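First comes the structure, then the notes that go with it.
The values are calculated or read from the model by the stated rules, or taken from the named source; none is laboratory data. Because the structure is a prediction, the values reported are computed rather than measured. Ideal geometry is used to build each Cβ from the backbone, glycine not excepted, and the neighbour counts take in all protein chains shown. Protein only, heavy atoms only, side chains kept; ligands, DNA and RNA dropped before computing areas. Shrake-Rupley method; radii C 1.70, N 1.55, O 1.52, S 1.80 Å.
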Amino acid sequence: MKTLTSRIEIVQGDITKLNTDAIVNAANSSLLGGGGVDGAIHRAGGPEILEACKKIVEIQGGCQTGEAVITTAGKLPSRFIIHTVGPVWRGGKNDEQEKLASCYINSLQLAVINDCQSVAFPNISTGVYGFPKVQAARIAVNTVSGFLSKNNRIEKVIFVCFDEENYRLIKEQLNVLSMYS
Ligand code: ADP
């Protein structure tokens, strides 16, 4: 069995280029498209993804903060897109931390249910939603490693950091993790 830290990787770049079973999108609750990573995924993946999102909206009226839904990845190399809605940072006293952790857990649960062995995450909520990056990195790494330690079905999680600051912060957290595992 592989060690926990060897199952978590980090890369800097564009998540739409990743060839994992699932890539996670930092969506908004309407599921009908936005900027940032969401815009990049819909642009690169083509209209099939938005069509699938619209069907989900018809059935359940969007996606709540902390929850996740799954669609086709359209033209992207991955099999699925898992859309999760991160919390908007409102000062930290509105359950933002718990909701961000839920995004990672619910996304990984959906990945397991859909037989995914590899999942790529962007740095959820650290763009326009304004979550402080240091805290977000700690929550991301702790939540993912906690999940993987209890679940062997997912072989690999890749943190795809678009900007250098998030890359450095996630890397720091992974170094902390490797000291204690
Ligand atoms: P949120 O609304 O959850 O803050 P954003 O899309 O604004 O979502 O930002 C989330 C993170 O995704 C940010 O760290 C941003 O730098 C990053 N990001 C933007 N485009 C891409 C991309 N193509 N691949 C990976 N990460 C991206």
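A few notes on this one:
- Of the residues making up the stretch 123-143, those that are of a type in the set (G, A, S) and either over 14 Å from the mean Cα position of the chain (by Cα) or buried (at least 22 other Cβ atoms within 10 Å of the Cβ) (or both) are S125, G130, A136, A137, A140.
- Output for the stretch 1-27, where each listed residue is under 13 Å from the mean Cα position of the chain (by Cα) and free of Cβ contacts under 8 Å to residues at least 60 places away in the same chain: A27
- The residue pairs whose first member lies in the stretch 54-69 and is of a type in the set (G, A, S), whose second member is in a helix (DSSP H, G or I), and whose beta carbons are closer than 6 Å, counting only pairs six or more residues apart or on different chains, are G66/K99; G66/S102; G66/C103; A68/N106; A68/S107; A68/L110.
- Members of the stretch 14-34 found to be within 18 Å of C161 (Cβ to Cβ) and either near the ligand (Cβ under 7 Å from one of its atoms) or among the charged types (D, E, K, R) (or both), listed by number: D14, I15, T16, K17, A26
- So F80, is it within 12 Å of the ligand (Cβ to nearest atom), among the aromatic types (F, W, Y) and under 13 Å from I23 (Cβ atoms): no
- Residue in the stretch 96-110 that is within 13 Å of the ligand (Cβ to nearest atom) and aliphatic (A, V, I, L, M) present: yes
- Residue identified as modelled with pLDDT of 95 or more and closer than 14 Å to A22 by Cα among F131, F147, F159: F159
- A Cβ distance below 7 Å, combined with a sequence gap of six or more or placement on separate chains, defines the contacts here; from the stretch 124-138, residues that are in contact (Cβ under 8 Å) with a residue 12 or more places away in the chain and closer than 12 Å to K99 by Cβ reach residues that are crowded, with 24+ Cβ neighbours inside 10 Å and of a type in the set (V, I, T) in the pairs I124/T84; A136/T126.
- Subset of the stretch 147-162 that is touching a strand residue (DSSP E or B) at 6+ places or on another chain (Cβ under 8 Å) and open to solvent by 30 Å² or more (accessible area, probe 1.4 Å) - its residue that is nearest to the ligand (Cβ to nearest atom): F162
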